[in-house]
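Visitor: I have a structure here, written as structure tokens, and I will follow up with some questions on it.
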Amino acid sequence: MRVRFNRISSYWLDIYLKLGDVKGAIGIFDMTKREDRSSQIELRRSESAEGRWATDDVHGLRRQMAKQGQTFFLEEWLKTNSNARNTTSATQSTPQSARVIIQAWADLRESLNQKSFSQQHYHSLQTLINSGMSLYVADPQVKLVISILSASYLSLPSESYPLFLRLLYIWVRKSSKPSPVLINSSINVLFQLFSSQSVTNKSALFFTEEILLLGAFTFVPSVSEETRARCLHLFCKLLEEDYKLVSLFDDLVPSVLAGIGYALSSCGSIHFERILDLLFGIWNKKGGPSGSVLHGLMVLHLVEWVLFNCIQSQSFEKISIFSREILEASNVQYAPFSVVMGAAGALRASNRSISSGLMELRSSAEKRIEIVAHELISTILNEVKDNVLLQCISLALARSGDVISRDSFLLCLASAILTEIFPLRRFYSKILEVHVNFSNIRVHEVKEHLQSVVFKEAGVITGIFCKQYAQANEGSKIKVENLIWDFCLDVYMSHRQVALMLQGKNEELIQDLEKITEPAFLMVVFFALAVTKQKLVPNIPRQIQLDISVKILISFSCLEYFRRMRLSEYMDTIRAVAGSVQEDHMACVSFVESIPSYDDLTKVRATSNKMEFTWSKDEMQTSRILFYLRVIPTCAECIPTAVFRKTVAPILFLYMGHPNGKVTRASHSTFVAFISSGKDDDSERVLLKEQLVYYYMKRSLEGYPGVTLFEGMASGVAALVRYLPAGSPSIFYCVHCLVEKASSLCSEWKELNDELEPCKKLLDLLLRLLSLVDIQVLPSLMKLLAQLVVQLPEDAQNMVLNDLYAQVSDSDDVTRKPALVSWVQSLSYLSTRATINTVPKRDPQPENSGAKSWNKGRLLGLNRIFARI
């Protein structure tokens, strides 16, 4: 995230501190000084000419390392803000010890004494450059560089010139008060190099360093106007004649732009207009650098930096020139992406100033972005799209703070989000095209996108998108809504196909794709929340509210698989739309009928490795069905009987056998919601409920224990016993099935242990049903339960009877309590007789006597309990 500071000094300070490890550099120096002190003394003694310089340099190096954080390099700042990678050899930084740096300077000085520049000297030069921006170049070293460049008797390799210019650039940027004499000498050297035959065919790196150094010279406050004018003249001439060199390497663009920034901040009105024309016109010139998002971001922050300097120095004439030439005039020679980013830079500069005289600049900048966005939308409608411009507009709006609401902004942001920030459709299409002959290029494309600036700023862009939506007209809102809802359905369909094709073949690509789909889900959530705030309000027609609510629910179901965290925004949206849907029958029907059909869910597909892929293994499909099963209970009252029978019931019973506990639990909850819905006088609904009970019991008990969760089944049984008509055959069937299943599970019960926990739970459920079933069903339940209990071993009978005693004694039901008391007495007697009858025939007298004695005491205890009951 970008952080805005109230004061400009704090803003730059944060950037300065990121330019180098000051403490680390000083630590290296101190450590080297202790370890190699004798070597340094020997070096100074053997080279008396360089001895005084080396001593001064050691102290100066340490002082300047401490000041390193106060040095600002514009090209580094541009790369940091544009997320550019620094791969240019001239700016790669490798920490070097103070001894190595001193030795390298000594080697360069030796080249003058020897009047020869060898390969060893070139390596020493590279050593200095490899230190990067941590290197400090003092005036004595500048004199040495100028002497080497001016020495006609030295034959310097062409690749050494950019490195020497880099040393001069470091000096002029790090020196608090660079010597005017040395600056003039350096400029004279530059002019000589420019006209020298030895560098006529100069390299792109030499051109870049020359532009950067000339710009830095013009930015020095102490430079005379005459010297600055000479530098600016050469600067413009180089850009106009050799601009094609910039296109050779993208890594050189930041340095060229930094040189332009220095020059723009220090020049007068005439050169300002000329350099502006070069900056914005270079991208469309033949052979010029190609436009990219990174280049656009550099232009944005370059303009921000330049205009803010103009604001600080009250150079309002230059601000007027920028507004007139770039923002107000329409120049076809300027690349649209650069103009948009320049306008965004103007907005950022105006945001950082409290001056009230910048409203015209701000208005012109917003107007220019709007014009370009409107033209781009027209081309998109004609199926001609500029990807770079689309990304640049979205980034420009994201980095410009609050901007006016325009329909063209909203449509551009929507297009950028769906095609550039989350280009899932494009990736899916490419992957599905190749099928078996999959190419690793697709993997690289996805990984590169994950590292792109536009993807990393998806959150900020989504926030601007939602703000623009809130203030747009109704027509644009509807267009954008439909685009988002269609995107959700496309992602659901395509991601399932891709996952099926890549399963067991390229899991890494699936994971990378899901790194894109997860933030895409968050985008949909925040957009849907913004839609509910605009559409689910009293002044919007009821039908529109219902349509929007259903579409949001369907879209959320498509992306439910990618919900990996709990979001308050998600829950708020669900509550709002589900509450709206559950109040209308037509909306409920529309939502329920959007669920995939039973045939589609159970269709067996073959994966890329020729393995069958069944419905229970399709995680994305399961997540979508789970979403439906969680929402349907909230609107079960409004679902017509015929719709539930045709659409919901088959899927409900299918997923009741799913291995995922959350899914089976949701299936039972949906069954409970339907059983408890409707009125008793709705004969068609009651008939369907009774019919569903038969399959519900069969489906539940065949998966118990194991797949079926006891809690889910218990809630279903309790609901059907409570809400079905008294004496319903379905209740009798339910009781019979439960007793039969319990009998089967308890057949191997020999002692109380954890392995028979499912049987214990079923027995507990049957005991609870004694207080739930109606009076017509109660006798049948008691009979079946008694038959089950007497078959149990003694310890199991004791457990059941103890539970029965407690349950009956605590009962307040005066209707069924007398019957239950009598039944418990009979059951206790039957259990006692069953225990006696099961005594082994061998050695009957002692055994039988002991059993009778024990049961006699047991009966006396039971009689006392019955008396209390």
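Visitor: Would you check if residue 533 is basic (Lys, Arg), crowded, with 19+ Cβ neighbours inside 10 Å, outside the structural domain of residue 679 (by TED's automatic domain parsing) and closer than 30 Å to residue 463 by Cα?
Guide: no
Visitor: Another question about this same structure. Taking residue 689 and the conditions (1) surrounded by 21 or more Cβ atoms within 10 Å (Cβ to Cβ); (2) among the charged types (D, E, K, R); (3) assigned to a loop (DSSP other than H, G, I, E, B), which numbered condition does it fall short on, given that it satisfies the others?
Guide: Status for residue 689: all satisfied but (3).
Visitor: Looking at segment 730-748, is at least one residue of a type outside the set (Gly, Ala, Ser), within 23 Å of residue 659 (Cβ to Cβ) and modelled with pLDDT of 90 or more?
Guide: Yes, because at least one residue in segment 730-748 is of a type outside the set (Gly, Ala, Ser), within 23 Å of residue 659 (Cβ to Cβ) and modelled with pLDDT of 90 or more.
Visitor: State whether one or more residues within segment 377-389 are at pLDDT below 95, polar (S, T, N, Q), part of a helix (DSSP H, G or I) and more than 23 Å from residue 303 (Cα to Cα).
Guide: Within segment 377-389 (the criterion being at pLDDT below 95, polar (S, T, N, Q), part of a helix (DSSP H, G or I) and more than 23 Å from residue 303 (Cα to Cα)), the answer is yes, since at least one residue qualifies.
Visitor: Yes or no: residue 677 in contact (Cβ under 8 Å) with a residue 12 or more places away in the chain, hydroxyl-bearing (Ser, Thr, Tyr), part of a helix (DSSP H, G or I) and not assigned by TED's automatic domain parsing to the domain that holds residue 764?
Guide: Against the criterion (in contact (Cβ under 8 Å) with a residue 12 or more places away in the chain, hydroxyl-bearing (Ser, Thr, Tyr), part of a helix (DSSP H, G or I) and not assigned by TED's automatic domain parsing to the domain that holds residue 764), residue 677 does not qualify.
Visitor: In segment 808-824, what residues are in a helix (DSSP H, G or I) and surrounded by 14 or more Cβ atoms within 10 Å (Cβ to Cβ)?
Guide: Within segment 808-824, 808, 809, 817, 819, 820, 821, 823, 824 meet the criteria.
Visitor: Going by the conditions given, is residue 400 surrounded by fewer than 20 Cβ atoms within 10 Å (Cβ to Cβ), modelled with pLDDT of 90 or more, of a type in the set (Gly, Ala, Ser) and closer than 21 Å to residue 376 by Cβ?
Guide: Values: surrounded by fewer than 20 Cβ atoms within 10 Å (Cβ to Cβ): no; modelled with pLDDT of 90 or more: yes; of a type in the set (Gly, Ala, Ser): yes; closer than 21 Å to residue 376 by Cβ: yes.
Here the answer is no, as residue 400 does not meet what is asked.
Visitor: For segment 531-601, give me every one of the helices (runs of 4 or more DSSP H) that falls completely inside it and has 2 or more residues that are among the β-branched types (Val, Ile, Thr).
Guide: In segment 531-601, 542-559, 568-581, 585-592 are the helices (runs of 4 or more DSSP H) which contain 2 or more residues that are among the β-branched types (Val, Ile, Thr).
Visitor: What are the pairs, 6+ residues apart or on separate chains, where a residue within segment 112-131 that is more than 10 Å from residue 154 (Cβ to Cβ) and touching a residue at least 24 places away in the same chain (Cβ under 8 Å) has its Cβ under 8 Å from a residue that is surrounded by fewer than 20 Cβ atoms within 10 Å (Cβ to Cβ) and not small (Gly, Ala, Ser)?
Guide: If the second residue must be surrounded by fewer than 20 Cβ atoms within 10 Å (Cβ to Cβ) and not small (Gly, Ala, Ser), the pairs left are 122/157; 122/159; 127/100; 130/92; 130/94; 131/94; 131/95.
Visitor: Given the conditions (1) touching a Lys or Arg at 6+ places or on another chain (Cβ under 8 Å); (2) of a type in the set (Phe, Trp, Tyr); (3) closer than 21 Å to residue 596 by Cα, and given that residue 469 satisfies all but one, which numbered condition is not satisfied?
Guide: With (1) touching a Lys or Arg at 6+ places or on another chain (Cβ under 8 Å); (2) of a type in the set (Phe, Trp, Tyr); (3) closer than 21 Å to residue 596 by Cα applied to residue 469, the lone miss is (3).
Visitor: Next question, about the same structure. Inside segment 157-174, can you point out the residues that are surrounded by 20 or more Cβ atoms within 10 Å (Cβ to Cβ) and either of a type in the set (Phe, Trp, Tyr) or not in a helix (DSSP H, G or I) (or both)? Lay out the reasoning, then the answer.
Guide: Residues of segment 157-174 that are surrounded by 20 or more Cβ atoms within 10 Å (Cβ to Cβ), as a first pass: 161-174.
Matches in segment 157-174: 161, 164, 169, 171.
Visitor: Sort through 254, 289 and tell me the only one that's surrounded by 15 or more Cβ atoms within 10 Å (Cβ to Cβ), assigned to a loop (DSSP other than H, G, I, E, B) and touching an Asp or Glu at 6+ places or on another chain (Cβ under 8 Å).
Guide: Only one candidate passes the filter, namely 289.
Visitor: Just to be sure, is residue 822 farther than 18 Å from residue 738 by Cα and free of Cβ contacts under 8 Å to residues at least 60 places away in the same chain? Steps first, answer last, please.
Guide: On the way: farther than 18 Å from residue 738 by Cα: yes; free of Cβ contacts under 8 Å to residues at least 60 places away in the same chain: yes.
Yes: the conditions hold for residue 822.
Visitor: Just one of 670, 708 is over 25 Å from residue 743 (Cβ atoms), surrounded by 19 or more Cβ atoms within 10 Å (Cβ to Cβ), touching a residue at least 12 places away in the same chain (Cβ under 8 Å) and not aromatic (Phe, Trp, Tyr); which is it?
Guide: Answer to the selection: 670.
Visitor: So, one more: Among the numbered conditions (1) of a type outside the set (Val, Ile, Thr); (2) in a loop (DSSP other than H, G, I, E, B); (3) free of Cβ contacts under 8 Å to residues at least 12 places away in the same chain, tell me where residue 320 comes up short.
Guide: (2)
Visitor: Restricting attention to segment 257-272, report how many residues are surrounded by fewer than 17 Cβ atoms within 10 Å (Cβ to Cβ) and assigned to a helix (DSSP H, G or I). Please lay out each step first, then the result.
Guide: Going through segment 257-272, the residues surrounded by fewer than 17 Cβ atoms within 10 Å (Cβ to Cβ) turn out to be 268-270.
Filter again for assigned to a helix (DSSP H, G or I), leaving 269-270.
Matching residues across segment 257-272 total 2.
Visitor: Is it fair to say residue 109 is in contact (Cβ under 8 Å) with a residue 24 or more places away in the chain and either surrounded by fewer than 20 Cβ atoms within 10 Å (Cβ to Cβ) or within 44 Å of the chain's Cα centre (by Cα) (or both)?
Guide: No.
Visitor: Go over the candidates 136, 153 one by one and state the one that is hydroxyl-bearing (Ser, Thr, Tyr), farther than 21 Å from residue 214 by Cβ and surrounded by fewer than 22 Cβ atoms within 10 Å (Cβ to Cβ).
Guide: Just one listed residue meets the conditions, 153.
The values are calculated or read from the model by the stated rules, or taken from the named source; none is laboratory data. Quantities reported herein were computed from a predicted structural model and do not represent experimental measurements. For neighbour counting, all protein chains shown are included, and Cβ atoms are generated from backbone atoms with ideal geometry for every residue, glycine included.
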